[in-house]
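Please read the structure below before turning to the comments.
Bear in mind that the values in this text are calculations on the coordinates, not laboratory data. Quantities reported herein were computed from a predicted structural model and do not represent experimental measurements. Cβ coordinates were reconstructed from backbone atoms using ideal geometry, including for glycine residues, and neighbour counts include every protein chain displayed.
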Amino acid sequence: MISQFFVLSQRGDNIVLRDYRGEVQKGSTEIFFRKVKFWKEDGQEEAQAPPVFNVDGVNYFHVKIAGLLFVATTRVNVSPSLVLELLQRIARVIKDYLGVLSEESLRKNFVLVYELLDEIIDFGYVQSTSTEVLKSYIFNEPIMVDAARLTPLGPAAIFMQGSKRMPGTAVTKSVIANETPGKRREEIFVDIIEKISVTFSSSGYILTSEIDGTIQMKSYLTGSPEIRIALNEELNIGRGGRSIYDYRSSTGSGAVILDDCNFHESVRLDSFDIDRTLSLVSEILATFELEPGASGQTADFKEANKKIEWNLKKIIGGSEQTLRAKLTFSQEFHGNITKESGPVSMTFIIPMYNASGLQVKYLQIAKKSSTYNPYRWVRYVTQANSYVARL
Amino acid sequence: MAPPARSSQSSSPSQPSGKGEVSDLKSQLRQLAGSRAPGVDDSKRDLFKKVISYMTIGIDVSSLFGEMVMCSATSDVVLKKMCYLYVGNYAKVNPDLALLTINFLQRDCKDEDPMIRGLALRSLSSLRVPNLVEYLVGPLGSGLKDSNSYVRMVAVIGVLKLYHISSATCMDADFPSILKNLMINDRDTQVVANCLSTLQEIWTAEGSNSEEASRERDALLCKPLIYYLLNRIKEFSEWAQCLILELVAKYVPSGNNEIFDIMNLLEDRLQHANGALVLATIKVFLQLTLLMTDVHQQVYERIKAPLLTLVSSGSPEQSYAVLGHLHLLVMRAPMLFSSDYKHFYCQYNEAFYVKKLKLEMLTAIASESYTYEIVTELCEYAANVDVPIARESIRAVGKIALQQYDVNAIVDRLLQFLEMEKDYVTAETLVLVKDLLRKYPQWSHDCIAVVGNISSKNIQEPKAKAALIWMLGEYSQDMQDAPYILESLAENWDDEHSPEVRLHLLTALMKCFFKRPPESQKALGIALAAGVADFHQDVHDRALFYYRLLRYDISIAERVVNPPKQAVSVFADPQSSEIKDRIFDEFNSLSVLYQKPSYMFTDKEHRGPFEFSDELGNLSIEPDVSAQHVEADDEDLLLSTSEKGDVGFPLNGSSYSAPSYDSSKPLTASNTSSDLAILETGVHHQASASLAIDDLLGLGLSTTPAPAPPTLSLNPKAILDPGTFQQKWRQLPVSLSLELNVSPRGVAALTAPQALIMHMQGNSIHCIATGGQSPNFKFFFFAQKSEELSNFLVECIISTSSSKAQMKIKADDQNSSQAFSALFETALSNFGML
């Protein structure tokens, strides 16, 4: 149960504020912002404020999304997981309705946002966070922000399916805009996103490695048809008590072993154990956002965080790139210099490739008529989460 | 940096310059109010939007109330919604104006469109104006019976809103019993969930002053309701599922079969993508199996994978919340995650707060297994450019070293940190080396050799400087330059801003003086002179104290300041096991992240439904906790004067001899006064009336003979199973808590607690569980009245170090708890405990 919800800009401006229970004093937004901005821990100022903290009996929860702070307050000892998850969901619902989540879109659409907030939460209790369910209670229409002012989607523009190019702005559509039948494009996006984390020791030995993947789906199909997704037939979940670092023949042969997985509310697993298919009634499961890509090849030393940044726009498979950097110290240095200079961290995106081998074998949409053939976009992408080599 | 976008946003409202804008809006709204011109709704929408946006940025637009209400006569839902929002915001501060809105809201509550009915009812119940509640009861009543589930959903929460405005009106209208009915009969799951939330809140709030209400609250935990909710759980929204699971976690099943049934039913909830739901399920599993050791272990194994998945798959914020819970679990079962320790290696781009918790996980795991691997990894982070993480990592290595018996390799690592020659690394390491030496004095030669090379000029952080000075004083016989380094520090007394450092400098010079008098006499003289003139009270006092001590007798001074020391065996755990258990009971709440039980950060009314009702405030008198109250730096200094193990004694010893701490006095006083309370309720003796009057007349209790304790006989063959005990312990409030002094004979008897248990059983007081180890023993007893099934539950904590026994008594029949307490005490004293 929460008492207030608000969204602050990076500068601490109040963009949206909804007080559900009137239990927390008025100045809570300022108290919160000051606390986050000047967070101190054990007298250290550099530390970063945790997502949950308590000031004078009021608990503040916040998540950072798209440069905005989504905040909830309460005096009650609630489940932190629940509130943090809720804040994420609220942000997602708002994004679904506005198309774009930004300070500008929120300011332009605050009445719609209030409308959503009133239906999502009543007197601090969550009522619904389903974009689909909320549709019937929402009457305001979104005012779209100028698409040209959006940051380019970068890697998303790379996605291709055969010779068709994926419309780069599709994911910024509102779920309720242009509801006029016929005009609306029937399409569905399925993204298999894998984030890989690898740490190499200074001798080149792999210390840790793991893949965290998600299958995300965004549907613009009308009438909520049933959707079936089939995955690899040889898909095993769990390692029967073995440690995840105990690798045995998990590669080759097309078999995929997952340590564990979980599913969204709307997914039905009736036949998952038999033929590895997931079925669900069309709903927006998640959205898909990628960071803007690198531009050209540049190298630069950032004084503030003592980092050399080397950007490459594209690397062709099998090719090799070298960067030589010379370090000059302002004073004599005694310590272990190689240890001081490192680690090397790589950030990259590999489109249309996934490291685990997990595949969507088919994507079936329950047909309404013989001519019904919506666009289906299935995309694979591998991103570096933490790809680090120590020196 | 966001661009200054406001000026370019023509359609969005700009910051108004002053009151002019508001009055502008006012006249525009007036013009539109009566208009029926086409397109008027669009103009109204624009104006309303402006008003709402001013409201959002904190400009007071309450003066527009009248105009807003006038404009709200419309069929446009968008307009209506904005108007409701506005009214909800300002009605509370403008109760007179709020009356204006009642009319149109009540009309809308009868609209054909269920959406309008629901919205109007929500607004009506959100007005928060006490004298308007009479207008709310009717619409709420019909809302609860509405054919549309949306309206019912709103109405149920409306009842809760009404309760908060006027609890009496809500109870008089008998809404709770309507909700009870709705909760088990409504087809819509959100209506059911809202009923549950509302009833929980109402009964919990009422429960503190009405027994019936607390019975109603407990009735929410009855088997039929729990089963009804569990069997339908998948029909509920994920949030409502969390609510139900939170309730189920408090349910006490009647047997093992029931426990397995519930767990099987909920098994697949562990695979949900919503972390809150997974944690709520885990809480149920953990709570249900508390008394089934083997199954409890299996549960740990089962929940491991879902938890690890949640850590890596969610947002960083969610990872943080889940990691906090993992940390709690790993503290209870350190082996649990040992083979998965690599999951807690920090990733390059993780948030600070995630990394910090991961370091805590690694520290906990390393104390059991994989110490070498984990310390190696932590040493990598110490070289990190991320300074806070580097510091945390060094502290983590230090903590591991203090927990380990084999510290060989770790000491080397720590000393290597000093070679890195980074100020913050050196500072953190020095503090650790100092603690390490207090525990493992045998390492002093290796450490001293390295520490001796550090120039105190390079150390700026007070904690580190104090640590270095402590080492210089403590080991001055082994450190060639010690007297001269200390001397130069003493000479620059005025440059030293931290009183903590100056205090340490005084003590270090004293120690140095006893070991190498000719070399340090001058420095000590300088320091004492400067110290006596110091503006800081503590520094001044200590310098003067040392000075007089030295003048009195140098050998006594040495015995006081630098006695032979024993190594510290275990550093006190900042949290008692009691507090840890309490946090565990509050799994899936903020208590876990704050690492504090809820009573430490939340006032009583906000602990949430089904939170434990009793206070644990007096726990702090446990000796190891009280030692913690001493500030860290003072503690170090105290240690110079007495052995660590004795820290508790001088404090306790002195206080117990003082007459004001004679606990028997307040006890008799409370005895009589609560006897009086019993008498006044007229439960027992008729003579009570005159006695009470005596007291009222101011005759005082001392002249009145204490009334004979009401007779209470206990059932010698009482039976209570642990599950029921646990449930009752949670549900009942503490009816009596007292503290008794334990005799030395009693302390000695506790070497074999079994004898006490047998003795109490002879008095029909049965022991159901024991725990703790010297010096703190814990017993749970129960007893039953012989004539009826009425239970007494006792928690008894006996501390042999402070010679005290703390008791908490809970009783089904609160009125007889005093009599029971007397019996209990007599039994203890017959055993020679008191």
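How would you classify the range B:299-447 from its alpha-carbon gyration tensor, with a ≥ b ≥ c the square roots of the eigenvalues: rounded for a/c under 1.5, else prolate if a/b is greater than b/c, otherwise oblate? It is oblate, given that a/c is not under 1.5 and a/b is not larger than b/c. The fraction of all Cα pairs in the range B:140-237 landing in successive 5 Å bins from 0 to the largest distance is 3, 14, 25, 25, 19, 12, 3, 0, given as whole percents. Averaging 1/r over every pair of different alpha carbons in the range B:396-474 and inverting the result gives a Kirkwood radius of 12.3 Å. Between B:Arg215 and A:Thr298, the modelled label-to-label distance comes to 7.5 nm, taking each label 7 Å out from Cα in the direction of the beta carbon.
Here is the result for the range B:172-259: no GluC sites (Glu not before Pro) lie in DSSP coil with at most 13 other C-beta atoms within 10 angstrom of their C-beta. Put in order of Cβ neighbour count within 10 Å, fewest first, the listed residues B:Arg117, B:Arg332, A:Arg21, B:Arg45 become B:Arg332, B:Arg45, A:Arg21, B:Arg117. Each of B:Val794, B:Val137 was scored by other Cβ atoms within 10 Å of its Cβ. Arranged with the fewest first, they read B:Val137, B:Val794.
With 19 Å as the limit, write out which pairs from A:Lys326/B:Lys355; A:Lys367/B:Lys234; B:Lys250/B:Lys283 have Cα-Cα distances beyond it, or answer none. Correct reply: A:Lys326/B:Lys355; A:Lys367/B:Lys234. Rounded to the nearest angstrom and listed largest first, the equivalent-ellipsoid semi-axes of the range B:706-834 from its Cα gyration tensor are 22, 16, 14. Among the chymotrypsin sites (Phe, Trp or Tyr not before Pro) in the range B:548-600, those located in a DSSP loop and surrounded by at most 15 other Cβ atoms within 10 Å of their own Cβ are B:Phe571. Take the Cα radius of gyration of the range B:189-286 and divide it by 2.2 N^0.38 Å, N being the number of residues; the result is 1.08. Qualifying chymotrypsin sites (Phe, Trp or Tyr not before Pro) in the range B:501-538, where qualification requires a DSSP coil assignment and no more than 12 other C-beta atoms within 10 Å, comprise B:Phe535. Amide H contacts of A:Leu207: A:Thr199, A:Phe200, A:Ser201, each under 5 Å away and 5 or more positions distant or on a separate chain (H built 1.01 Å from N in the peptide plane; Pro and chain starts excluded).
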